[in-house]
1. Would you point out which residue out of K113, K117 is over 23 Å from A33 (Cβ atoms), touching a residue at least 24 places away in the same chain (Cβ under 8 Å) and either part of a strand (DSSP E or B) or under 17 Å from the mean Cα position of the chain (by Cα) (or both)?
2. Yes or no: region 269-283 includes at least one residue that is touching a strand residue (DSSP E or B) at 6+ places or on another chain (Cβ under 9 Å), within 30 Å of S64 (Cβ to Cβ) and in contact (Cβ under 8 Å) with a residue 60 or more places away in the chain.
3. Of the conditions (1) without any contact (Cβ under 8 Å) to a residue 40 or more places away in the chain; (2) within 28 Å of the chain's Cα centre (by Cα); (3) assigned to a loop (DSSP other than H, G, I, E, B), N234 fails just one. Which one is it?
4. Can you give me the number of residues within region 211-252 that are within 26 Å of F176 (Cβ to Cβ) and either of a type in the set (S, T, N, Q) or loosely packed, with under 15 Cβ neighbours inside 10 Å (or both)?
5. Out of region 161-180, which residues are at pLDDT below 95 and among the aliphatic types (A, V, I, L, M)?
6. Grab the strands (runs of 3 or more DSSP E) fully contained in region 288-365, keeping just those with 1 or more residues being farther than 20 Å from L103 by Cα.
7. Return the pairs, sorted by first residue and then second, in which the second residue is surrounded by fewer than 18 Cβ atoms within 10 Å (Cβ to Cβ), the first residue lies in region 6-19 and is without any contact (Cβ under 8 Å) to a residue 40 or more places away in the chain, the beta carbons are less than 7 Å apart, and the residues are 6+ apart or on different chains.
8. One residue is enough: does region 32-41 have a residue meeting the conditions free of Cβ contacts under 8 Å to residues at least 40 places away in the same chain and outside any loop (DSSP other than H, G, I, E, B)?
Amino acid sequence: MATVQSICQLIEGVAPLTLQEGYDNAGLQVGRAQMEVRGVLLCIDVTEAVVAEAVAKGCNLIVSHHPLLFAGLKRLTGQSEVQRCVMEAVKHDIAIYAAHTNLDNVLPGVNGKIAEKIGLRHVRILRPMADALLKLVTYVPAAQADDVRRALFQAGAGCIGRYDACSYNVDGVGTFRPGVGTRPFAGTPGELHREAETRVEVILPRHLMPQVVAALQTAHPYEEPAFDLLPLVNDWQQAGAGIVGELPEAEPEKAFLLRLKDVFHVPAIRHTKWLDKPVRRVAVCGGAGSGFLRDALRAGADVFISGDFKYHEFFAAEGRILIADIGHYESEQFTKDIFYEIIRKKMPNFAIQISDINTNPINYL
């Protein structure tokens, strides 16, 4: 039986909620986590039309990119579309879930899909996440060090870039005196004991701390394993905003933008002046990404693709980079495909529907 919680966990396995920005409100917004799911409707925005579509298609879970609820609701009187959406969802027992900036901040997320659509290779995070890494240090009897390391790796620790099972190990001697009532793995209560131990160090993302510590405590032979969790100032290169990558071959600027129009079905692209140089390195940031222009410049990108640039923000290109504003909705439209792929991979026979409704509030004449 698929529940709301089990489907949400599939998405959060790729995009943990702890990776969302502080202003965001991703996660389950309406409905009961333990409710059995008959069908899922995937969309970019939750509107009244989308809720009605879910009812018509027999879907009792809506998975959206943009959260329906950003701010708290003080009343439900039907005076706004957000209120009416919540009321209709509750009336028809429909759960609503959103994966927003947490899905923006992972490589296989929104920006990874943009990079895939335009054929970028050798991709990396444009602005890696800060204050997201910890180092765990523990001390294990030498004979049990392999077992503890294995448990830490299985819990997600020890990954650096495309390498896993990374650790640093130093042999030494630990001392301790078991107290009254203890059942020590080594030593005798009341007597000072010396034990040949291995100091094991591994790096882990902060959001994995609970499960990594639990794995350590389960695998460690001591009653009271000693360990330290040290915050690191290193940026986490595997998570963060935007992506930068390389095209297989350089393309003329105009030809590249025309290809963008075709791939993203864009009626118009707002862009800065031609720089009269080929496009090879491309930076992308789905949604409203003007705040990452400096990162694109630092990365040496020839083009920065995003949305929602304001008039004066185009001047910041200063003739050094081509800005291509393809639109907020347009840049994120393939997020529905990401949801579909995540769920379908684990639940190949489950009823998943992609919304037929274009929720883009911007139209072109």
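1. Selected residue: K113, the only one of K113, K117 that is over 23 Å from A33 (Cβ atoms), touching a residue at least 24 places away in the same chain (Cβ under 8 Å) and either part of a strand (DSSP E or B) or under 17 Å from the mean Cα position of the chain (by Cα) (or both).
2. Checked against the condition, which is being touching a strand residue (DSSP E or B) at 6+ places or on another chain (Cβ under 9 Å), within 30 Å of S64 (Cβ to Cβ) and in contact (Cβ under 8 Å) with a residue 60 or more places away in the chain, region 269-283 yields at least one hit.
3. (1)
4. Total satisfying the criteria: 10.
5. V180
6. 303-307, 322-325
7. none
8. Looking through region 32-41, at least one residue is free of Cβ contacts under 8 Å to residues at least 40 places away in the same chain and outside any loop (DSSP other than H, G, I, E, B).
The values are calculated or read from the model by the stated rules, or taken from the named source; none is laboratory data. All figures in this text were calculated on a predicted structure; none of them were measured in a lab. In this analysis, Cβ positions are derived from the backbone assuming ideal geometry, glycine residues included, and neighbour counts consider all displayed protein chains.
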